[in-house]
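Q: Before I ask anything, here is the structure I am working with.
The numbers here are math on the coordinates, done by the rules we state, and not lab data. Small disclaimer: the values here were computed from a predicted structure and weren't measured. Using ideal geometry, Cβ is built from the backbone for each residue, glycine included, and neighbour counts are taken over all protein chains shown.
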Amino acid sequence: MEELGRFFATHGLLMQLVFLIIALAVAWVLIRPFKRLHPYTGQVLVLAGVFWIGLLFFMITYSFPMPRFAAVATTAATIPRFWFYVLIPVTLLAFIPMLRGEEQPDPKWGSVWRVAIVFGVLVASLFAFRYIGYYLSSAIFLVVVMWLLESRSKIELVAVPVGWMIFSYFFFARLLYVRLPVGTLFAGLL
Amino acid sequence: MMDILVNLGGGFGIMFTPMAIFLCLLGVFAGITFGAIPGISPSMAVALLLPMTFRLEPILGMVLLLGAYKGANYGGSVSAVLINTPGTPSAAVTGFDGYPMAKTGRVGEAMGVSLYASMIGGIIGTVVLILFAAPLARVALEFWPSEYFALTVLGLTTVATMGGKNWQKALVAVVFGLLLNTVGMEPFAGTRRFTFGEVRLFEGFSLVPAIIGLFALGELFYNLEHYVKGEKFDKLAYKLPKLSYYLTVWKNITRAGVLGTIIGIFPGAGGTIAAFICYDVEKRFSKKPDEFGKGAPEGVAAAESSNSASAGGALVPLLALGIPGSATAAVLLSSLLVHGLNPGPEMFVDEPELVYGMFASMFMANAFILAVGLLGAQLFVRVTDLSKKLLYPLIFVFAIVGSYAVTNSMYPVVVCVAFGVVGWIFRRYGFPTAPVVLGIVLGRLAEMSFRQALMIGGIESFYQRPLTLIMLATAIAAVVYPIVKKRITGRAAIGREE
C-alpha cells in the first residue's frame, strides 16, 4: 500500500485528472452489463468520482512520514482515513436506491455545447489576464457570452463591458485596493 | 442591572452626536456594500476601514468599525438572495431559501425577511452581549477540545435534514467536503497532504472561492444548459411586505437569534456554523419542513438572524477577556490596541464610556441597517429586472473578480472555476451542494478538536466530560429521531390502510 500511495502522490494534478478519468471509465465499463443501472449512469459516475478521490487519499496516507514519538495519538493520516471509512457505507447508501430503481433517473442533456463554450471562453479569458490584463479580458468575455446568449443590441454589447470596466476599476482597484492584473501588454504603459 | 442601564445611558449620550451618527451610518453603508461583494469578508471590510480610525477618538473609531462589521454581515445576504452569490460564507445559508424565493418572484419578501431578521438578530446578540458578556466568556473558555468536536458533530448532523429526499446524496456530498478539507498542510506536524507538488495547495482550498464556485458558477452553468432566449425573472413582488407579515416568522428569528449568539461566543465557531445549525433547528421545528430549500421564509429568517446575532456573540470573548473569537474580532482588537486600550475585564471598569458607547453604537448600527436596507432594497431588487442575457455574464465576471479579491491572486479564481464545474455536475445529478460547504466549513475544526482531545485526554475525554456526552447524544438523536419518526408514521399509515 505504501508503494501504491507513493506512486499516486508523486504525480502532478494533470495526471490526477487522468487517473480520475480512468477510474470513471472503469466504473462506466463495470455498470454496462447492468441494464437496470443505465438510467443512472451519470449519478453512478458522480459516486464513482467521489469514491475514487476518497480511495486515492486513503492510499496516499500510507506514504505519509511516521511521527517520531510513539506517544502521539494521531497522525496526519488519521482523519483522511477516517473520512474514507465513512465514505464507504455512505456511497453504498446512495447507490442502493439506484440499484433498486427507486432513484430519479438522470436528467436529459440540455444545451451542453453552450456550457462548454462558456467554460472554454472563461478559461481562455483567465489565461489572457496575464497578457492583456483583467479589464480587457473581462470585457471580451462579457461580449462573447452576451453574444452567445443572443444579445444583438449594439448598445448593450458596448455599454455593458465598458460600464463593467469602469466600475471594476474604480470600485475594486481604487476603492478596495484589489490589484487586478493589467497584463504584460499594458504594463509598460503604466 | 441598574449600573448597566446607567452606563448604557452614558453610551447613548456619546452616540447622539453628529459625528458618531455620521460615522455609524458610513460604517453601515460601507459594510453593506463591501459585504454584498463576494470575496470581501466582514473582516476585510473592517480592515479596509481600519486606517480611517487611527486619527479618530477610540470610541468614534469603534463606532465606524462596528457599523461596518454589522453592515457586512447583512450585506452578504443581498447578493445571496438576488443572484445566489453569497457575499460572505455565512450568507450561503440565507441563499438556500432566499434565492429560490427570488427566482419565483418573491424577491421583495425574501429581502424583507432577510433585512428584519438581520436587524432583530443583531439586537438579540447585542442584548446578550451587554447582559452576560463576562459569565458567558468564562463558560466558553471552559470548553475542551472534546466539546468543540461535539459541536462540529452537531453541525454535521444538519446534513440529515439538509438533503431532504436526497439525504443519501447529501451524506456523500458532506463527506466529499470533509475529504477536500484534508488537502493542504496538516495542522499539527505540518505534513503536506494531497498537494501533488503544487505549492498553492499547501493552504488547502479557501472557503470563499469554493462557495462562489459551488453556488454561483454551478448554478450559472446549470442555467446556461437550460437557457431559453428572452428569459427573465418572474415579475411579481418587488415591494417589501407589510410589517405584520414579519410576525409570521418572529419565533424563527428569536430562536435563531439566541442560538446564534451562543454559538458565536465560542472562538472559532463563527456565523457560518451558527447559520447552518440554526437553519437545521428551524427546519426540524417547522410544520412544513419540505418547503425548506425551495423558498421558505423561515429558512431565510433563521439563517440571517443567527448570522447577525453571532456577531454580538463573537464580541463576548473579545470585550470580556481580550480574546478575539473571529477574524473580524481580531481586526477590532487591533484597532483598540492601536489606541493603547487593552480589552478585558478591566476595560469595563476603567473605560465604561468606551465599552457602553460601543454597545450603544451596535444598537444604532442595527437601526441604520434597517434604514439603509429599506431604502436600498428597492434599488437592489432591480438587479432581477435585468434580462438573463445580461445578468448571467455579469454574475460570471462578478464571481471571478470576487474570488480574485480574496488574496489578490489567480489561485482562488482557479479554485472558484473548478468548484463551479463540481457544482454544476452535482446540481445536474441531484447531489446537494450545501453539504459540501458544510464539510469544508467544519472539517478543519473537527480535525483540530478531535486530535487535540485525543492528545490531551485520550479517548476518555469523549465520554467522561458530561457536556461532550450531552452534545454527542443530541447529535445522535438529531440523526436517529427523524428516521425513527418516519418509520413509526409509515407503519401507522400502513396500519390505518389495513
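Q: Across chain B, where is the longest run that never hits trypsin sites (Lys or Arg not before Pro) in a DSSP loop with at most 10 other C-beta atoms within 10 Å?
A: Numbers: sites that count: B:55, B:229, B:235, B:242, B:287.
Between the exposed loop sites, the longest stretch runs B:288-498.
Q: So if we plug the beta-carbon distance of residue B:248 and residue B:473 into 1/(1 + (r/R0)^6) with R0 = 30 Å, what FRET efficiency do we get, rounded to 0.05?
A: 0.35
Q: Please work out how much length the chain gains when fully extended from residue A:113 to residue A:130, using 0.36 nm per residue of separation minus the C-alpha to C-alpha distance, in nm with one decimal.
A: Extra length available between residue A:113 and residue A:130 comes to 3.4 nm.
Q: If the cut-off is 20 Å between C-alpha atoms, which aspartates and glutamates fall inside it for residue B:288, apart from same-chain ones fewer than 8 positions away?
A: List returned: B:97, B:109, B:280, B:298, B:304.
Q: Using the alpha-carbon centroid of each, what span in Å lies between the range B:90-128 and the range B:1-65?
A: 22
Q: State to the nearest 20 debye the size of the charge dipole of the range A:2-100 about its Cα centre, where the only charges are +1 on K and R beta carbons and -1 on D and E beta carbons.
A: In debye, rounded to 20, the range A:2-100 gives about 320.
Q: Still on this structure, I have one more. State the answer as a single residue: which of B:270, B:348, B:292 lies farthest towards the positive end of the charge dipole of the range B:250-399, with beta carbon charges of +1 for Lys and Arg and -1 for Asp and Glu, about the Cα centre.
A: Most positive-ward Cα: B:292.
Q: Expressed as an acute angle from 0 to 90° and rounded to the nearest 10, what is the orientation of the C-alpha long axis of helix A:13-31 relative to the principal long axis of chain A?
A: Tilt of helix A:13-31: around 60 degrees.
Q: Once every DSSP H run of n ≥ 4 in chain B is given -39500 (n - 2.57) and the sum is divided by its residues, what mean residue ellipticity at 222 nm do you get, rounded to the nearest 500 deg cm²/dmol?
A: On the way: 22 runs with 363 residues, N = 498.
So the calculated ellipticity at 222 nm is -24500 deg cm²/dmol.
Q: Check each of the chymotrypsin sites (Phe, Trp or Tyr not before Pro) in the range A:86-117 and keep only those in coil by DSSP with at most 13 other C-beta atoms within 10 angstrom; list them in order.
A: Working: sites: A:95, A:109, A:113; in loops: A:109.
Qualifying residues, ordered by number: A:109.
Q: Would you kindly state the longest site-free stretch of chain A, with sites defined as GluC sites (Glu not before Pro) in a DSSP loop (not H, G, I, E, B) surrounded by at most 12 other Cβ atoms within 10 Å? Mind dumping the intermediate values first?
A: Numbers: sites that count: A:102, A:150.
By the stated rule (loop sites, at most 12 other Cβ atoms within 10 Å), A:1-101.
Q: Using the basic label-point model (7 angstrom from Cα toward the beta carbon), what is the residue B:456 to residue B:421 distance in nanometres?
A: Result: 4.2 nm between the two label points.
Q: To two decimal places, what compactness ratio does chain B give when its Cα radius of gyration is scaled by 2.2 N^0.38 Å?
A: 0.95
Q: Follow-up. What is the order of B:123, A:88, fewest Cβ neighbours within 10 Å to most?
A: In increasing order of surrounding Cβ atoms, one gets A:88, B:123.
Q: Check the straight Cα-Cα distances from residue B:229 and name the lysines below 30 Å, setting aside those fewer than 8 residues away within the same chain.
A: A:108, A:154, B:103, B:239, B:294, B:388, B:389
Q: Starting from the amide H of residue B:185, placed 1.01 Å from N in the peptide plane, find each other amide H under 5 Å away whose residue is 5 or more places distant or on another chain.
A: B:193, B:203, B:204
Q: Looking at A:20, A:97, A:59, which one has the Cα that reaches farthest to the positive end of the dipole of the range A:2-100 (charges on Cβ: Lys, Arg +1; Asp, Glu -1)?
A: A:97
Q: Something else about it: Among all helices in chain B defined by DSSP H, which have a length of 24 Å or more along the axis from Cα atoms plus a Kyte-Doolittle mean of at least 1.6?
A: Membrane-span-like by this rule: B:18-35, B:107-141.
Q: Assigning unit charges at the beta carbon (Lys, Arg +1; Asp, Glu -1) and nothing else, what dipole magnitude in debye, to the nearest 20, does the range B:263-381 show about its Cα centre?
A: 440
Q: Among B:370, B:5, B:64, which comes first, second and so on when ranked by fewest other beta-carbon atoms within 10 Å?
A: Numbers: B:370 18, B:5 11, B:64 28.
Taking fewest neighbouring Cβ atoms as first place, the list is B:5, B:370, B:64.
Q: Which value, in debye to the nearest 20, describes the size of the charge dipole of the range B:50-183 about its Cα centre when Lys and Arg Cβ atoms bear +1, Asp and Glu Cβ atoms bear -1, and nothing else is charged?
A: 280
Q: Remind me, relative contact order of the range A:2-100 in percent, using alpha carbon pairs under 8 angstrom and six or more residues apart?
A: Over the range A:2-100, the number comes to 35 percent.
Q: Could you go through the range B:195-211 in sequence order and give the Karplus-derived ³J(HN,Hα) for each residue, using 6.51 cos²θ - 1.76 cosθ + 1.60 with θ = phi - 60°, rounded to whole Hz, and x for Gly and Pro?
A: Karplus values, whole Hz, x for Gly and Pro: 9, 6, x, 8, 4, 5, 7, 4, 8, x, 8, 6, 5, 4, x, 5, 5.
Q: Return a whole-number percent for the relative contact order of chain B, with Cα pairs under 8 Å and 6 or more residues apart as the contact set.
A: 28
Q: Per 0.36 nm of contour for each residue apart, how much would the distance between residue A:28 and residue A:154 grow if the chain were fully extended, relative to their Cα-Cα spacing?
A: Numbers: separation 126, 0.36 × 126 = 45.36 nm, distance 4.65 nm.
This chain segment gains 40.7 nm when fully extended.
Q: How far is helix A:78-100 tilted, in degrees, relative to the longest principal axis of the Cα atoms in chain A, given as a value from 0 to 90 rounded to the nearest 10?
A: That works out to roughly 90 degrees.
Q: Which loop chymotrypsin sites (Phe, Trp or Tyr not before Pro) in the range B:1-110, with loop taken from DSSP, have no more than 14 other Cβ atoms within 10 angstrom of their Cβ?
A: Within the range B:1-110, the qualifying chymotrypsin sites (Phe, Trp or Tyr not before Pro) (loop, at most 14 other Cβ atoms within 10 Å) are B:16, B:54.
Q: If you wrap the range B:400-494's Cα atoms in a convex hull and average its projection over all directions, what's the area in nm²?
A: It is 10.6 nm².
Q: Evaluate the relative contact order of the range A:112-187 (contact order divided by residue number), counting alpha-carbon pairs under 8 angstrom at least 6 apart; express in whole percent.
A: 43
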